[in-house]
Amino acid sequence: MSISEKERALLRDLSLRVAEIAADPIQRQNAELWKKLNRLERTRPMIRLQDGTQHETGHKVNLECESEFARTQELDLRGRIYRWEKMRDDTVWDDIVCCPIVIHCTDFGIREDATRPNRVFGASRYNTVIMDDESPDRIPLPTVTVDWEQTERDFRRLCDLYDGILTVRKVGMAGYGFEPVDTFIRWRGIEQTFIDMVDRPEWLHGWLQRLCDWHLSHLEQCEKLGLLSLNNGNVGVGRGGPGFTDELPMPDFDGEHVRAKDLWGYAATQIFAEVSPAMHEEFALQYEKRLLDRFGLACYGCCEPLDLKIDILFKHIPHLRRVSMSPWVDVARGAENLGKRAIFSYKPNPAILGVEHWDVGVARELLRDALEKTRECIVEVTMKDLHTVRGEVHRMTEWIEMAKELAEEYA
């Protein structure tokens, strides 16, 4: 696990550059804009791009270290530098190095059986591993433990490496997501789960209740063991922007013991894209509500279109602050139904960056149309699920520059 002096010198040189980037005044300015957005104050639309193209563009970041630990650190540092230099969206780059608390937890006790294609990002088919007569008690409640000794060793090692340059911070669970239906379909299969919703609703409710109980037990144990970490700063929350806010933690926070109510929470049911609001409410929201009630602020949604489900979301999640608006929503209808009640977390269709012939002008008009329709909303734009740019990184750079220009027009 030791690293050579050459690796150490290289990592410290890279960390100096990261510290320089973190000290740029734009980081504080962007953090304040995110804070305003999360307070539901009108500001320009915030722009982020999540690059998922490393399988075809990863060679752009070349590693020189040889040991596993050093290469992990180098990849993080070079990735920050590369993103800052090539894709300057509204991401906030700080001087923090996270040291994960070593947490162990027993699982659901069920192994999925998926048929997957032999290619990157291909679609999967989930085969049934839960039979009709099986009881939800098959899922044992979790047991959470923590290895504080290993955590302390990891922490000291990072502190020694970055001493005087970057800040090392122990981080436990800084985000908590809950997707019970999306979990269940990986065991039961999509088609069969939809059939169960009609033919065997009480049986299905039993399984969803058990998943809810599992997550509540897990959350309560993590809270009791001191494993929760604040996410009111430069931490992604849900499927949108970072959690910068002065509304969390709660006023009675003691400064040390983080509780669920001091955090943003998140839930989604992506597989319910074509399910009615009534069924979404019955089979998803009534369970997601039980978990999200524990958190101070909430985010909801990922790829499922939610433009027709805004009212039921607020019915069950009154402290909802961020709603994902996927490429499959009717943007005008979503804007009308949401208004300024929560952040309109807009997700453009990533296919625009993966087409054979990239045209930033076409991308501009598509985004302009969305921003025009959301003029009366609190808007963030996240380009995500981006799996190919056909090896042309400049497409991402050009999209960001274009999007930020448009954002200024709609400030």
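What translational diffusion coefficient, in µm²/s and rounded to a whole number, does the Stokes-Einstein relation yield for segment 224-301 at 25 °C and a viscosity of 0.890 mPa s, taking the hydrodynamic radius as the Kirkwood radius over Cα pairs?
Using the Kirkwood radius from Cα pairs, D works out to 179 µm²/s.
So how much slack lies between R138 and E256, counting 0.36 nm per residue of separation and subtracting their Cα-Cα distance, in nm?
My answer for the length gained is 38.8 nm.
What is the extension gain from D213 to K86, computed as 0.36 nm multiplied by their sequence separation minus the C-alpha to C-alpha distance, in nm to one decimal?
Gain on stretching D213 to K86: 41.3 nm.
Too long at a 18 Å Cα-Cα cut-off: which of K309/K340; K340/K373; K315/K347; K261/K289; K347/K384?
Distance filter (> 18 Å) returns K315/K347.
Quick one: Karplus J couplings for segment 119-125, per residue in order, coefficients 6.51, -1.76, 1.60, θ = phi - 60°, nearest Hz, x for Gly and Pro?
Calculated HN-Hα couplings, in order: 7, 5, 6, x, 6, 10, 10 Hz.
Convert each backbone phi in segment 297-304 into a coupling constant with the Karplus relation 6.51 cos²θ - 1.76 cosθ + 1.60 (shift: θ = phi - 60°), then list the ³J(HN,Hα) values in order as whole Hz, x for Gly and Pro.
Rounded to whole hertz, the list is 9, 9, 10, 9, x, 9, 8, 6.
Taking amide H atoms as placed 1.01 Å from N in the peptide plane, list the residues 5 or more away in sequence, or in a different chain, whose amide H sits under 5 Å from that of V146.
H104
List the relative contact order of the chain as a percent without decimals, with contacts defined as Cα pairs under 8 Å and 6+ residues apart.
20
For segment 307-316, take each phi angle, set θ = phi - 60°, evaluate the Karplus expression 6.51 cos²θ - 1.76 cosθ + 1.60, and give the result in whole Hz per residue in order, putting x for glycine and proline.
For segment 307-316, the Karplus curve yields 5, 9, 10, 4, 5, 6, 4, 6, 4, 9 Hz.
Using Cβ contacts closer than 10 Å as the measure, can you line up T115, T57 from fewest to most?
Lowest to highest Cβ neighbour count: T115, T57.
Throw me the Rg/Rh for segment 1-110, computed over C-alpha atoms with Kirkwood Rh, two decimals.
Radius of gyration over Kirkwood radius for segment 1-110 works out to 1.05.
Let me know the whole percent of all Cα-Cα pairs from the chain that are separated by more than 31 Å. Each step should come with its number before you reach the end.
On the way: 37860 of 84255 pairs.
Tail fraction, whole percent: 45.
For D107, D147, D51, which order do you get if you count the other beta carbons within 10 Å of each Cβ and list the fewest first?
Ordered from fewest to most neighbouring Cβ atoms within 10 Å, D107, D147, D51 come out as D107, D147, D51.
At a 10 Å Cβ-Cβ cut-off, how would you order V362, V129, fewest neighbours first?
Ordered by Cβ neighbours within 10 Å, fewest first: V362, V129.
Calculate the spin-label point distance for F108 paired with D13, positioning each point 7 Å from the Cα along the beta-carbon direction, and give it in nanometres.
4.7
Two decimals, Cα atoms only, Kirkwood Rh: what is Rg/Rh over segment 76-205? Present the calculation step by step, with values, prior to reporting the outcome.
Values: Rg = 21.4 Å, Rh = 19.2 Å.
Rounded to two decimals, Rg over Rh is 1.11.
With a sphere of radius 14 Å drawn around the Cβ of N127, what net charge do the other residues whose Cβ falls strictly inside it have (Lys, Arg +1; Asp, Glu -1)?
Result for the neighbourhood of N127: +2.
Under 5 Å between amide H atoms, partner at least 5 residues away or on a different chain: which partners does D89 have, H built in plane at 1.01 Å?
Distant-sequence amide H within range of D89: zero hits.
Obtain the radius of gyration and the Kirkwood radius of segment 1-55 from its C-alpha atoms and give Rg over Rh.
In segment 1-55, Rg relative to Rh is 1.19.
Read the figures in this text as sums done on the coordinates, not as results from a lab. Fair warning: this is a prediction, and the values are worked out from it, not measured in the lab. All Cβ positions, glycine included, derive from the backbone under ideal geometry; neighbour counts span all protein chains shown.
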